[in-house]
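Take this structure, written in structure tokens, and hold onto it; I'll ask about it next.
Just so it is clear, none of the values below were taken in a lab; they were calculated from the coordinates. For clarity, every value in this text was computed on a predicted model and none was experimentally measured. FYI the Cβ positions are ideal-geometry reconstructions off the backbone, even for glycines, and counts take in every protein chain you see.
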Amino acid sequence: MAISKVTTSSLGTGSDTDAINLPSGTTAQRPTSPSNGMIRYNTTTNALESYIDNAWAVVKDTSYAIEYLIIAGGGGGGRGGYGGNGGGGAGGYRSSVVGQSSGGGGGAEVNLVVITTSSYGVSVGAGGAGSTVSSVRGTSGSNSVFGSITSIGGGGGGSASAASGLSGGSGGGGGGNAAGGSGTSLQGYAGGTGIYTSPNYPGGGGGGAGAVGVSPASSSANGGNGGAGVSSSITGTAVTRGGGGGGGSETTSAGTGGAGGGGNAGGGLSGSGSNGTVNTGGGGGAGYAGVGAGGSGIVIIRYVGPQRGTGGTVTSAGGYTIHTFTSSGTYTA
């Protein structure tokens, strides 16, 4: 039944924060002689509807909030010649999932509000290449982007001649006697420091999203382990991503990759580092004979309720619709 007269009392109790009580009823209970501009709540469709251009139409939301996990590509490991070599840093790690962490010790960020029918560009960062030339740093990973939000690529690992690790989302481990690269605030941690002294000449581990890369305790220690990543259950299952790559050494005492896709270092003059795991942003492991590349990044978004947007691989879990991008594309809200 339509409201025949609106009075001041029908708008609430006098406070600006009150809500108006609209008529509600089933589809069969719609007014028999509606007029344009009428509005009501339909209990059959559980939707607000309005009579516009002589027809009933659902009043749709024009915006909604999404949670996101955006991880950049990890950095490649450094390659030794004489002296230690550092592991690649993990890609920057940014999350707005309530109750979960971002990288670098940060908490959940503010959710992003998207506008219905609008399109948002998605870039999934590639992992940085491991060095193919003796005593040259690894290459930093590429950024990952969703709309206005950017995660920074992980820093490449250092080597004996180009010693310091590169800064990035998480920093690459240092080679020689140099420090690791720094991480980006609220995205990742710094890489470890190398030691350019016999017998092992151990390099620093690459920084991870959840912990700093390990600095070897002495010249006879292993290459530094990569920093650990961070766990997220945005897809409905807990997965750790963003581990740093392990630092190498001139002996067999190589560092291991951090939990979350970090590549292991190769030990000795014939050892090769392993790649960071794809779509985790893990850093590549350092090596002498060969070097690991960083793992590619990933972009995951989710929102409450049934599917509203398009783009990526669409799944559902726990009352959320989830869009996963393992390569660059577009999300249309």
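Gln29: net charge of surrounding residues, Cβ under 13 Å, Lys/Arg +1, Asp/Glu -1, itself excluded?
Around Gln29, the charge tally is +1.
Relative contact order for the chain using alpha-carbon pairs under 8 Å, separation at least 6, rounded to a whole percent?
17 percent
Give me the distance in nm between label points sitting 7 Å out from Cα along the Cα-to-Cβ direction at Thr237 and Ala289, one decimal.
3.4 nm
Can you give me the distance in nm between label points at Ser328 and Ser35, each placed 7 Å from the Cα along the Cα-to-Cβ direction?
A separation of 5.6 nm, rounded to one decimal place.
Here's a follow-up. Rounded, prolate or oblate: which one fits the range 143-297, using the alpha carbon gyration tensor with axes a ≥ b ≥ c (rounded when a/c is under 1.5, else prolate when a/b beats b/c, else oblate)?
prolate
Same structure, new question: Which net charge results for the neighbourhood of Tyr201, defined as the other residues with beta-carbon distances under 14 angstrom from its beta-carbon, given Lys and Arg at +1 and Asp and Glu at -1?
Computed value for this residue: 0.
Shifting gears a bit: Taking 0.36 nm per intervening residue step and subtracting the Cα-Cα distance, what contour gain separates Thr132 from Ser270 on full extension?
Going from the current span to full extension adds 48.3 nm.
Separate question: By counting other Cβ atoms within 10 Å of each Cβ, how are Leu186, Leu112 ranked from fewest to most?
Neighbour counts put them in this order, fewest first: Leu186, Leu112.
Also: Which residue, Thr117, Ser63, Gly88, has the largest displacement toward the positive end of the dipole of the range 28-159 when charges sit on each Cβ (Lys, Arg +1; Asp, Glu -1)?
Looking along the dipole axis, the top candidate is Gly88.
Is the range 99-166 best put as rounded, prolate or oblate by its Cα gyration tensor, with a ≥ b ≥ c the root eigenvalues, rounded for a/c under 1.5, and otherwise prolate when a/b is larger than b/c, oblate when not?
It is oblate, given that a/c is not under 1.5 and a/b is not larger than b/c.
When a footprinting reagent is the concern and you count Cβ atoms within 10 Å, what order do Ser164, Ser231 take, fewest first?
Exposure proxy ranking, most exposed first: Ser231, Ser164.
Separation of the range 158-231 and the range 39-102 by C-alpha centroid, Å?
Computed from Cα coordinates, the inter-centre distance equals 31 Å.
Suppose the Debye formula is applied to equal point scatterers at every Cα of the chain; what is log10 I(q)/I(0) at q = 0.08, 0.15 Å⁻¹?
-0.45, -0.94
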